[in-house]
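Each remark here refers to the structure printed beneath this line.
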Amino acid sequence: MSSSEPSLRGRAAECAQLDELIAGVRPGACQVLVLRGEAGAGKTALLDYVAARTEKFRRIGVSGVESDMELAYAGLQQLCAPLLEHLDALPEPQRQALDVAFGRGMGETPDRFLVGLAVLSLLAAAAERQPLVAVVDDAQWLDQVSLQTLAFVARRLLAEPVALLFAVRDHPELLAGLPELAVNGLSDHDARALLDSVMLARLDPRVRDRVIAETRGLPLAILEVPRSVSAAELSGGFWIAGKRSSPAAVEQTYVRRIHLLPESTQWLLLLAAAEPVGDAAVFLRAAGRMNIPIAELAAAEADWLIEFGPRMRFHHPLIRSAAYRAADLLDRREVHRVLAEATDPQTDPDRRAWHAALAAAGPDDDIAAELERSAARAQSRGGVAAAATFLERAATLTADPALRGGRALAAAQAKSDAADDAAAHNMLTVAELGQLSPLQQALVARLRAQLQFVRSRSRESGAPAVADTAPPLLEAARTLQRLDDHSSRESYLEAIAALVYAGRAADPASLPGAAEAALAAMSQVTGRLRPVDLLLQGVAERITGGVGAGTDTLGRALAAMRAQADSDEVAVGRWLRVPGFLILQESAAHERWDRDAARHLSTAAVRHARSSGALSGLPRALAYRAGVHVMGGEFASAEQLLAEAASIAAATAAAAPVRYHEVQLAAWRGDVAETQALIDGLRADAVLRGEGRLQSLLGYAAAVLHNGQGRYQEAFTAARDGCAYEDLGLHRLCTLELVEAATRTGAPEVARDAVAWLEISAGASESDWGLGVLAAARAMIAEAGAADALFGEAVERLGRTGIVVHLARARLQYGEWLRRANRRTDARRELTAAHDLFTGMGARGFAERTRRELVATGEKVRTPAARAGDELTAQEAQIAGLVAEGMTNSEIGAALFISAHTVEWHLRKVFAKLGISSRRQLRTTSFAH
């Protein structure tokens with residue numbers, strides 16, 4: 001279509017935006033857009049408009065279908081099928097991941113995000129010769145795994161000349177956060193003009209206005225008027241009010257047109273509608289089994305309903321659903337039976353099983369067993385959602401009540417793993433209708449309690465307070481004792497985690513009571529304790545015994561979990577499935593002041609979440625790892641991981657993870673406006689969820705921010721609030737802030753009490769991190785003779801830990817003390833080192849405080865001029881660092897889940913900003929962000 005041709009009627013603004021989008025696709029610039037609107041609003045017509053305007057593009061597309069099963073990666077495979085000629089251009093791990101995901105090869109479960117990266121690389125490879133446009137129509141009906149992967153890809157397209165467009169009905173949770181174009185009904189003026197253009201005879205203006213009102217300006221409904229309403233109805237104005245005012249009514253007009261076709265044609269339309277991917281070969285085999293000549297499809301083609309080719313294509317998604325709904329249940333079953341017979345059991349056993357399931361008139365244990373096997377295959381491909389769907393249908397077709405209950409319970413667990421909590425609740429109800437063993441009954445109760453725990457930490461209206469989810473978890477733990485001791489102890493851990501999150505908002509006796517119950521259960525354990533058991537015991541001992549208690553047990557737990565992380569991926573997977581496990585693991589590492597354990601275990605959690613496709617756990621794992629980077633002064637890396645966590649949460653329509661580490665990062669960076677905005681927003685969240693731990697965290701973050709600014713009275717107030725409750729793992733950090741603020745505001749008693757607490761906590765750790773911060777805290781309240789040695793010890797110990805934020809703080813505090821002691825030369829040494837550290841990590845508040853101290857020593861310190869490296873974004877700095885380490889573009893792309901082409905595009909900008917021309921120069925260039 002040339003640019004001079006008219007655009008769609010009434011869609012001038014939309015077409016102009018699409019024209020701008022198309023023009024914006026070029027090397028170094030991609031375009032992503034979601035067309036959002038109700039059925040019949042004209043989204044498909046706008047996608048057709050894009051197709052007509054992209055003649056010089058390579059075009060691929062897929063349409064979701066409501067009646068299709070959730071076969072993992074089915075939609076993605078259909079979209080990418082025309083591009084598989086470029087597979088050889090992909091690195092071997094990506095190529096293998098796609099082969100397994102698409103059922104082209106065998107192998108271990110593909111890394112979900114490696115599949116996403118492979119798709120991104122495939123699009124980039126296809127777009128090298130000519131720009132590419134990829135269209136996803138009716139995205140709300142695409143299988144969940146494909147939609148998640150494409151949403152993930154959409155958020156990582158950057159430098160590729162690719163346009164990725166989605167059309168989706170009004171489901172706000174789907175594809176949230178991507179650029180959108182709202183597609184609404186036409187204005188009355190444009191709707192009248194469209195109606196007039198398709199009517200053969202002139203309409204009475206009053207009848208026309210009523211038709212416009214009843215179609216609500218939906219173009220598809222208007223276009224169907226002359227086909228579905230008789231001349232007598234229109235001329236007399238007898239069109240029934242409201243009967244075509246909904247998408248269902250629009251679909252009904254297609255149903256009537258289909259019923260006017262010959263019976264054999266209707267059968268073929270039903271056959272095409274029931275075949276999920278439009279495979280013409282399967283369609284022809286099935287038509288042959290029904291003894292219907294393919295020529296009988298001509299009447300439907302002539303009526304512009306369907307197009308027969310290498311792939312069957314309906315002219316609108318509503319036609320396909322209408323063809324399926326137009327048939328009665330018995331006819332649908334017959335068609336699915338024929339399709340099952342026509343589908344190759346070797347190459348496509350899962351789709352064959354699904355068709356057989358839909359053909360079943362009642363319980364069928366053979367089909368149910370095959371569906372269970374399909375679920376296992378789906379699980380091996382990372383298709384948790386697909387596995388849940390297979391298990392759900394298998395439970396429906398199972399005659400044996402005991403077997404049905406077990407399959408429904410398995411489906412509920414799979415639904416929960418796929419973050420579909422509402423469906424998980426429904427399947428638990430089905431499970432309870434079957435004959436469950438005492439163990440299965442207890443597992444049902446535990447999963448219900450887990451779902452409530454997860455729900456309590458969302459923003460969902462009516463969600464329970466976090467503390468209220470602990471009693472059912474405790475009851476499940478007690479019930480599971482002697483039935484499944486491993487699950488019992490995990491449930492105790494979950495109950496404790498719920499109360500740890502509740503913190504000060506819970507009944508003060510509830511957390512110690514839960515810990516005592518856990519210890520009583522642990523006392524009955526015989527044999528070797530698992531790492532998770534040691535964690536439970538150590539945490540319970542710490543809660544019941546107070547600061548310093550449980551230290552040895554927690555040390556054993558962390559050592560055992562580190563060993564397990566290196567050898568047992570299944571166990572790491574259970575960590576992610578146990579709600580609250582990561583917060584207790586992280587808190588245990590902090591209680592022990594063990595930075596190496598936190599780094600090791602958070603890395604393992606991220607690695608497993610990526611490889612297993614555990615989308616519900618990956619954002620939490622990424623945030624966990626980001627917290628380690630914050631303590632290490634690696635702010636750019638932390639920012640990158642937190643952005644990825646938010647992106648994944650949005651791509652999976654999951655509740656965003658609690659932003660604990662995000663507000664900590666903002667506070668350490670000294671961004672007053674951003675930190676205060678986060679604190680204000682998260683305080684409301686904490687009250688809404690009854691999450692006292694978050695309130696304590698906000699006190700800590702505010703104390704860090706104000707100490708960095710030198711606003712010690714405000715820091716003292718914030719730290720006192722943060723320390724008002726002894727939150728596991730978090731209290732120690734807040735106490736450090738309280739010591740400094742108290743010494744600067746004339747509250748020596750408060751400072752001494754805080755140091756006494758640290759002496760028990762950090763002193764029991766025997767780690768350089770704990771003993772280093774303890775030495776610095778002691779130095780701040782010590783007499784002059786002892787302070788010098790204590791500060792020296794703090795700098796020496798912290799210099800061995802990699803906890804750069806605390807090392808820099810110790811050097812700043814030491815330098816300030818030396819300046820007050822009039823030892824200016826020594827003060828300059830410490831303050832200069834601290835200033836370099838704060839500047840390098842991007843802690844602007846502390847860097848400015850340090851600069852002022854240096855000036856007070858007589859040192860001339862200029863505010864650093866904006867160097868080229870300072871302009872690097874977080875991702876550019878990360879890429880520059882990885883290049884400096886010797887990684888290739890493909891390796892960097894795999895690590896950061898972007899294409900190698902995007903890495904190269906970023907790298908060109910890095911070179912320009914740093915004024916260099918080669919990768920080798922990066923190894924000697926300072927580019928700290």
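The values are calculated or read from the model by the stated rules, or taken from the named source; none is laboratory data. As the structure is a computational prediction, the values presented were derived from the model and not from experiment. All Cβ positions, even for glycine, are placed from backbone atoms using ideal geometry, and neighbour counts span all protein chains on display.
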Would you be able to say whether some residue in region 366-373 is in contact (Cβ under 8 Å) with a residue 40 or more places away in the chain and part of a helix (DSSP H, G or I)?
no
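Name the one entry in Thr479, Thr469 that is more than 29 Å from the chain's Cα centre (by Cα) and without any contact (Cβ under 8 Å) to a residue 60 or more places away in the chain. Working first, answer last.
Numbers: Thr469 fails: more than 29 Å from the chain's Cα centre (by Cα).
That would be Thr479, the only listed residue that is more than 29 Å from the chain's Cα centre (by Cα) and without any contact (Cβ under 8 Å) to a residue 60 or more places away in the chain.
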Per the filter on region 432-449, residues without any contact (Cβ under 8 Å) to a residue 40 or more places away in the chain, crowded, with 19+ Cβ neighbours inside 10 Å and hydrophobic (A, V, I, L, M, F, W, C) are Leu436, Val444, Ala445, Leu447
Give region 687-712 a look and list any residue that's among the hydrophobic types (A, V, I, L, M, F, W, C) and either touching a residue at least 24 places away in the same chain (Cβ under 8 Å) or surrounded by 22 or more Cβ atoms within 10 Å (Cβ to Cβ) (or both), or say none.
Leu688, Leu694, Leu697, Leu698, Ala701, Ala702, Ala703, Val704, Leu705
Kindly check whether there is at least one residue in region 782-791 that is assigned to a helix (DSSP H, G or I) and within 17 Å of Leu733 (Cα to Cα).
no
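What do you reckon, is Gly627 on the phi > 0 side of the Ramachandran plot and modelled with pLDDT of 80 or more? Walk me through it before giving the result.
Details: on the phi > 0 side of the Ramachandran plot: no; modelled with pLDDT of 80 or more: yes.
Judged against the criteria, Gly627 is not a match.
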Residue selected from region 272-315 under the condition under 35 Å from the mean Cα position of the chain (by Cα) and of a type outside the set (A, V, I, L, M, F, W, C), by the criterion farthest from Ala356 (Cα to Cα):
His315
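Could you say which residue among Thr850, Thr873 is among the β-branched types (Val, Ile, Thr), closer than 27 Å to Asp836 by Cβ and modelled with pLDDT under 80? Steps first, answer last, please.
On the way: Thr850 fails: modelled with pLDDT under 80.
When all the criteria are applied, what remains is Thr873.
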For region 390-438, the count of residues that are within 19 Å of Arg577 (Cα to Cα) and either of a type in the set (Phe, Trp, Tyr) or out of contact with any helix residue (DSSP H, G or I) (no Cβ under 8 Å at 6 or more places or on another chain) (or both) equals 2
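Among the residues of region 631-647, which ones are within 15 Å of Trp769 (Cα to Cα) and either acidic (Asp, Glu) or in a helix (DSSP H, G or I) (or both)? Working first, answer last.
First, pick out the residues of region 631-647 that are within 15 Å of Trp769 (Cα to Cα): 631-633.
Selection gives Met631 alone.
Of all residues in region 262-295, count the ones that are hydrophobic (A, V, I, L, M, F, W, C) and closer than 14 Å to Pro310 by Cα. Spell out the reasoning first.
At the first step, the residues of region 262-295 found to be hydrophobic (A, V, I, L, M, F, W, C) are 267-274, 277, 280-284, 286-287, 290, 292, 294-295.
So of that shortlist, the ones also closer than 14 Å to Pro310 by Cα come out as 272, 277, 280-284, 294.
The total comes to 8.
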Would you be able to say whether some residue in region 146-168 is closer than 30 Å to Asp209 by Cα and assigned by TED's automatic domain parsing to the domain that holds Gly37?
yes
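Of these, Ala673, Ala636, Ala645, which one is among the aliphatic types (A, V, I, L, M), over 20 Å from Phe846 (Cβ atoms) and modelled with pLDDT under 95?
Going through Ala673, Ala636, Ala645 in turn, the sole match is Ala645.
Quick check on region 539-591: of everything there that is polar (S, T, N, Q) and assigned to a helix (DSSP H, G or I), which residue is surrounded by the most Cβ atoms within 10 Å (Cβ to Cβ)? Outline the logic, then answer.
Step one: filter region 539-591 for residues polar (S, T, N, Q), giving 544, 551, 553, 564, 567, 585, 587.
Then keep just the ones that are assigned to a helix (DSSP H, G or I); that gives 544, 551, 553, 564, 585, 587.
Working: Thr544: 17, Thr551: 22, Thr553: 21, Gln564: 19, Gln585: 28, Ser587: 24.
Among those that are polar (S, T, N, Q) and assigned to a helix (DSSP H, G or I), it is Gln585.
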(1) in the same structural domain as Ala287 (by TED's automatic domain parsing); (2) in contact with a helix residue (DSSP H, G or I) (Cβ under 6 Å, 6 or more places away or on another chain); (3) modelled with pLDDT of 90 or more; (4) not small (Gly, Ala, Ser) all hold for Ile367 apart from (1)
Mind listing just one residue for me: the one in region 401-431 that is among the charged types (D, E, K, R) and closer than 17 Å to Arg455 by Cα and, of those, surrounded by the most Cβ atoms within 10 Å (Cβ to Cβ)?
Lys415
Residue in region 61-90 that is surrounded by the most Cβ atoms within 10 Å (Cβ to Cβ), counting only those that are farther than 21 Å from Ala272 by Cβ and in contact (Cβ under 8 Å) with a residue 40 or more places away in the chain:
Ala72
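Matching residues to (1) in a helix (DSSP H, G or I); (2) aliphatic (A, V, I, L, M); (3) within 26 Å of Leu218 (Cα to Cα):
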| site | (1), (2), (3) |
| --- | --- |
| Leu271 | yes, yes, no |
| Ala299 | yes, yes, no |
| Ser321 | yes, no, yes |
| Val338 | yes, yes, no |
| Thr347 | no, no, no |
If Arg352 satisfies all but one of (1) touching a residue at least 24 places away in the same chain (Cβ under 8 Å); (2) touching a Pro at 6+ places or on another chain (Cβ under 8 Å); (3) under 22 Å from Gln78 (Cα atoms), what's the number of the condition it fails?
(1)
Does Arg351 satisfy the criteria of being assigned to a helix (DSSP H, G or I), touching a helix residue (DSSP H, G or I) at 6+ places or on another chain (Cβ under 9 Å) and farther than 28 Å from Ala424 by Cβ?
no
